Amino acid sequence: MRRSGKTSLLWQELGERVAAAAERAWLPLVSLEDERLLAHSPGVELLDQLLETLFQLQPELRSGTQRGCLFLDEIQRIPGWEGFVRRVMDSEPIDVVVSGSSAEMLSSEIASSLRGRAVEAVVFPFSFRESLRHMGLEPEQPSDRWSSAERSQLSHQLELYLQRGGFPELQQLDERSRRLLLSSYVDSTVLRDVIERHAVRQPLALQWLVRQLLSHGGGGFSLNRLHGALKNQGVAISREHLAELVDHLESAFLIRTLSVVGGSLRRRMTLPRKVVPIDPGLLPLYELDGRSNLAHALETVVLLELLRRGAEVGYLRTADGFEVDFHARFADGRRELIQVCADLRDAATRRRMAGHCDLELGARMVAAGVNPAQGLPACSQ
């Protein structure tokens with residue numbers, strides 16, 4: 001998502017190349033949201049002009065005697081950019097690093113055109129460990145060697161992280177400034193990466209949808225119910241268009257949606273999807289009382305960590321009504337069931353957790369592709 005630190009990551013990469021003896025003039029970094037560029041030639045022709053200008057100023061790069069790198073920030077603003085990158089990688093002695101705020105950069109079509117020529121990385125807001133590192137509080141010892149004071153400090157920092165989230169610029173702001181800046185992040189994402197990019201004709205319906213989805217972080221949503229609610233308000237919008245708006249919000253990295261794992265395609269389409277914001281700091285903006293729900297925030301943090309580790313994530317619902325928050329499948333074939341709970345003091349919560357961790361659940365996992373013979377993963381707090 002915007003403001004997650006992609007541009008800073010480009011500057012860090014540029015700095016590493018300079019530290020490795022590359023000349024700064026060989027490493028131009030261009031923001032493609034600069035209105036002075038887009039006003040003239042907002043297509044691939046602009047990229048061609050930038051590259052030719054670089055070679056004119058630094059002819060040693062085209063001769064191949066030196067290796068330069070072209071950094072292009074917010075590349076999704078240029079239609080057909082992937083063809084330009086492939087051509088340059090095939091024909092010119094220069095590296096290209098691009099960043100963008102759209103999951104469409106990871107689409108199968110683009111991946112096919114750049115296969116074997118590119119490595120991709122998804123940038124999330126800070127994890128809890130990264131936020132501690134940012135503030136100089138990351139523990140140097142393993143957890144079994146922490147002192148009581150260190151444990152207390154980390155527990156306090158975790159509670160703060162669940163409330164304020166991981167966007168880098170917000171880590172040490174006061175509450176009012178943080179809320180204002182977070183709201184601007186959401187507004188900017190919705191305007192630039194959804195409304196403008198996809199020419200959305202019903203912005204009021206989109207803004208209503210954003211409020212509905214982010215106010216139910218960690219919960220399920222049904223397109224049919226959302227469509228019915230809009231219809232009752234006199235908003236004429238098709239169910240198909242509503243589904244497209246949800247997809248656009250996910251492509252802009254504002255939300256993540258999870259489908260149920262296992263069963264028939266019809267079952268997966270019938271049961272509600274779960275929605276989670278891209279950062280726990282967004283939850284208090286849309287809670288009715290303006291306060292963070294720690295259980296939903298913790299669930300958000302666990303999901304984002306699973307995604308950072310490259311897992312395919314869904315949720316599980318059994319025939320008798322039990323639900324497991326996350327079913328994670330990792331690249332090495334491992335599968336884990338993870339149940340999230342922020343507080344076990346309530347007796348009803350303990351009974352619910354015990355039901356979810358019942359070993360009889362193993363027999364129900366077969367439909368979801370989990371082999372009980374390999375052992376049922378322990379439920380985790």
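For the chain, what is the charge dipole size about the Cα centre, in debye to the nearest 20, if Lys and Arg each add +1 at the Cβ and Asp and Glu each add -1 at the Cβ?
With Lys and Arg at +1 and Asp and Glu at -1, about 1180 debye.
Considering only protein heavy atoms and a 1.4 Å probe, what is the carbon-and-sulfur percentage of the accessible area of segment 193-245?
That share works out to 48 percent.
Hey, in the GNM for the chain with a 10 angstrom Cα cutoff, which one of L223, L206, L57 fluctuates hardest?
With Cα springs under 10 Å in the chain, the top fluctuation among L223, L206, L57 is at L57.
Can you work out ³J(HN,Hα) from phi for every residue in segment 138-151, in order, using Karplus 6.51 cos²θ - 1.76 cosθ + 1.60 and θ = phi - 60°, giving whole Hz and x for Gly and Pro?
Those phi angles translate into 5, x, 8, 9, x, 4, 6, 10, 6, 7, 4, 5, 5, 5 Hz.
Using the Karplus curve 6.51 cos²θ - 1.76 cosθ + 1.60 with θ = phi - 60°, what ³J(HN,Hα) values do you get for each residue of segment 250-262, in whole Hz, with x for Gly and Pro?
Per-residue couplings from phi come out as 6, 5, 7, 6, 7, 9, 10, 10, 10, 9, 5, 9, x Hz.
Take the solvent-accessible surface of the protein heavy atoms, probe 1.4 Å, and return the percent of it on segment 57-115 that carbon and sulfur atoms account for.
Result for segment 57-115: 52 percent of the exposed heavy-atom area is carbon or sulfur.
In µm²/s, what is D for segment 84-157 at 20 °C and 1.002 mPa s, where D = kT/(6 pi eta Rh) by Stokes-Einstein and Rh is the Kirkwood radius from Cα pairs?
The Stokes-Einstein estimate is 132 µm²/s.
Can you tell me which of V186, V119, V324 moves the most in a GNM of the chain? Springs connect C-alpha atoms under 10 Å apart.
Checking each option, the largest mean-square fluctuation is seen for V119.
Given only helices, namely DSSP H runs of n ≥ 4 each adding -39500 (n - 2.57), what is the per-residue ellipticity at 222 nm of the chain, to the nearest 500 deg cm²/dmol?
Mean residue ellipticity, 222 nm, calculated: -13000 deg cm²/dmol.
If packing is taken as the average number of other Cβ atoms within 10 Å across a peptide's residues, how do 10-19, 139-148, 230-239 rank, most packed first?
Descending mean neighbour count gives 10-19, 230-239, 139-148.
P(r) of the chain in 20 Å steps, Cα pairs, percent per bin?
23, 53, 23, 1
Kindly report the accessible area of the chain per residue (heavy atoms of protein chains, probe 1.4 Å, no ligands, DNA or RNA), in Å².
53
Per Stokes-Einstein, at 4 °C and 1.567 mPa s, what whole-number D in µm² s⁻¹ belongs to segment 191-346, with the Kirkwood radius over Cα pairs as the hydrodynamic radius?
This corresponds to a translational diffusion coefficient of 78 µm²/s.
Can you tell me which of R197, R329, R36 moves the most in a GNM of the chain? Springs connect C-alpha atoms under 10 Å apart.
Looking only at R197, R329, R36, the biggest GNM fluctuation is shown by R36.
Normalised by the number of residues in the chain, what is the relative contact order in percent for Cα pairs under 8 Å and 6+ residues apart?
In percent, rounded to a whole number, it is 13.
Placing +1 on the Cβ of each Lys and Arg and -1 on the Cβ of each Asp and Glu in segment 51-174, which of S112, Q172, I78 has its Cα farthest towards the positive end of the resulting dipole?
Value computed over the given set: S112.
The values are calculated or read from the model by the stated rules, or taken from the named source; none is laboratory data. Computed from a predicted structure; not experimentally measured. Glycine also receives a Cβ, built like all others from the backbone with ideal geometry; neighbour counts cover every protein chain displayed. For accessibility, only protein heavy atoms count, side chains too; no ligands or nucleic acids. Shrake-Rupley method; radii C 1.70, N 1.55, O 1.52, S 1.80 Å.
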